[in-house]
Structures are given as C-alpha cells and as structure tokens.
Amino acid sequence: MTTSEEYNKKIRQDMTIHSEWHSLRLSFCTTWGLFSPRAIDVGSLMLLKYLDINTDDDCLDLGCGYGVLGLNMAKVAPEGKILLVDKDFVAVDYAEKNRLLNNIDNAECILSNGFNQIPRQQFDIIVSNIPAKVGKEMLYIYLFDALKYLKPGGSFYIVTITGLRQFFKRGFTEVFGHYEKIKQGKTYTVARGIKAER
C-alpha cells in the first residue's frame with residue numbers, strides 16, 4: 001500500500017474523544033466534517049461548567065453536533081427526557097452512534113433545522129452552542145422558539161463568541177424580558193434567559 005493510500009485510509013477512520021463531567025466519563029466517535037472533531041470545543045466545555053440541571057429535567061440540545069452537550073445532560077438527568085437536534089444529517093448520525101456507544105436510553109436524536117421538526121413538547125432546559133454565522137434573523141428565531149418550547153421557569157442557556165454578547169443581551173431582553181450573563185471569557189460568553197413563571 002502506498003503512503004497516499006495509507007493516508008487516505010487513515011483519515012476516513014472515526015476518531016474517539018472523551019469527556020468527564022459530574023464524574024461521568026463519556027466517549028464520542030467523530031469524523032472530519034463535523035464541528036471540532038479532534039477535541040471537544042472550548043465553548044461547549046465552558047457551557048457544561050455552568051449548567052444547572054436536576055435529575056428529572058427534560059432537556060433539548062439545539063445544534064447538537066456529535067452529542068457532547070445533550071448526552072452529558074442525559075447522564076446527569078436520568079429521570080428526564082433529552083432531545084438532541086441538528087440540521088446536519090451527519091451530526092445526527094454521530095450523535096445517535098454516541099448515544100448507543102454510551103448506553104444512554106433517555107435521549108433521542110433527530111434531524112431538525114432549528115425547532116422546525118421538534119414535537120410540541122416543553123423543556124426545563126434548552127442549550128445551544130450558537131453558531132456565529134447563521135444571521136441575526138435565525139438567531140432571533142432561536143430566541144422566539146426557545147421561549148415557546150420552555151416550561152415556565154425553564155432556562156435557555158447559550159454559549160457564543162464574545163463578539164455576539166451585545167447582540168444576545170439585546171435579543172434576550174427583547175424576547176425573554178431579561179438577560180443573565182453567567183460567564184464572560186476572552187473568546188466565549190455563557191448566558192441564559194429564563195421563561196417567566198405564569
């Protein structure tokens with residue numbers, strides 16, 4: 001086998017990375033073409049650090065990629081139901097592979113552009129590692145739909161590049177009525193909005 005053939009074979013093989021959160025160790029298969037395939041991205045790790053989840057919370061991972069946020073939440077909330085969605089069929093395929101790899105029974109992975117294929121159910125927690133380049137209209141759609149899909153008192157947690165912080169401060173204030181900055185770093189900011197109690 002030539003060197004180029006060996007390289008071609010090597011780069012087509014799945015990669016495996018690991019995470020540890022709340023003393024739970026998970027493994028993730030990834031592939032080229034997915035977001036951050038060689039290591040869990042800093043933004044997702046930062047968001048996980050500040051999530052507050054109860055064992056029976058129903059959670060949604062919006063734009064799940066290969067499942068880092070959603071599958072970790074499923075382990076921490078074994079009595080809840082977790083939904084992972086992404087508009088990329090390869091991401092959904094790998095999220096499902098990783099659900100099975102980690103023996104997680106309380107999660108489901110589906111294809112959806114934002115909220116458009118999500119059954120009308122309500123969640124205690126919605127999380128998203130917000131992509132920076134989808135356009136302000138789509139970002140507002142995320143905010144309006146997250147509010148609709150949250151239970152009263154539920155939280156929409158996001159991590160964004162810090163350059164979008166002012167946009168989301170304004171957007172959360174307009175849509176949710178308030179904005180809570182949880183942690184601002186040099187590159188990423190974690191924030192949330194909480195749906196008002198009835």
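The values are calculated or read from the model by the stated rules, or taken from the named source; none is laboratory data. The shown structure was predicted, so the numbers you read here are calculated from the model rather than taken from an experiment. Ideal geometry is used to build each Cβ from the backbone, glycine not excepted, and the neighbour counts take in all protein chains shown.
The strands (runs of 3 or more DSSP E) located wholly in the range 1-113 that include 1 or more residues which are within 20 Å of Val134 (Cβ to Cβ) and touching a strand residue (DSSP E or B) at 6+ places or on another chain (Cβ under 6 Å) occupy 59-62, 82-86, 107-111.
Looking at the range 97-111 only, could you name the residues that are surrounded by 18 or more Cβ atoms within 10 Å (Cβ to Cβ) and either over 17 Å from Ile17 (Cβ atoms) or not aliphatic (A, V, I, L, M) (or both)?
Within the range 97-111, Lys97, Asn98, Arg99, Asn102, Ala107, Cys109 qualify.
One residue stands out among those in the range 61-82 that are of a type outside the set (Lys, Arg) and surrounded by fewer than 24 Cβ atoms within 10 Å (Cβ to Cβ): the one that is nearest to Gln122 (Cα to Cα), which is Gly80. Of all the criteria given as (1) over 14 Å from the mean Cα position of the chain (by Cα); (2) at pLDDT 95 or above; (3) closer than 22 Å to Leu48 by Cβ; (4) not polar (S, T, N, Q), the one not satisfied by Val190 is (1).
Listed by first and then second residue, the pairs linking a residue in the range 66-80 that is closer than 20 Å to Val92 by Cβ and touching a residue at least 60 places away in the same chain (Cβ under 8 Å) to a residue that is crowded, with 24+ Cβ neighbours inside 10 Å and among the charged types (D, E, K, R), with Cβ atoms under 6 Å apart and 6 or more places separating them unless they lie on different chains, are Leu69/Asp61. Tell me, which residue of the range 144-172 that is in a helix (DSSP H, G or I), surrounded by fewer than 18 Cβ atoms within 10 Å (Cβ to Cβ) and among the hydrophobic types (A, V, I, L, M, F, W, C) is modelled with the lowest pLDDT? It comes out as Phe167. Assess whether Ser4 counts as being on the phi > 0 side of the Ramachandran plot and surrounded by fewer than 16 Cβ atoms within 10 Å (Cβ to Cβ). No: the conditions fail for Ser4. Scanning the range 116-157 for residues that are in contact (Cβ under 8 Å) with a residue 40 or more places away in the chain and among the aliphatic types (A, V, I, L, M) yields Ile118, Ile125, Ile126, Val127, Ile130, Leu143, Ala146, Leu147, Leu150.
Name the single residue that is farthest from Gly63 (Cα to Cα) among those in the range 1-36 being under 15 Å from the mean Cα position of the chain (by Cα) and not hydrophobic (A, V, I, L, M, F, W, C). It would help to see each step written out before you state the result.
Of all residues in the range 1-36, those under 15 Å from the mean Cα position of the chain (by Cα) come to 19, 21, 28, 34-36.
So of that shortlist, the ones also not hydrophobic (A, V, I, L, M, F, W, C) come out as 19, 36.
Values: Ser19: 18, Ser36: 13 Å.
Among those that are under 15 Å from the mean Cα position of the chain (by Cα) and not hydrophobic (A, V, I, L, M, F, W, C), it is Ser19.
Each residue in the range 112-135 was checked for being more than 29 Å from Leu24 (Cα to Cα) and surrounded by 14 or more Cβ atoms within 10 Å (Cβ to Cβ), and 1 of them qualify.
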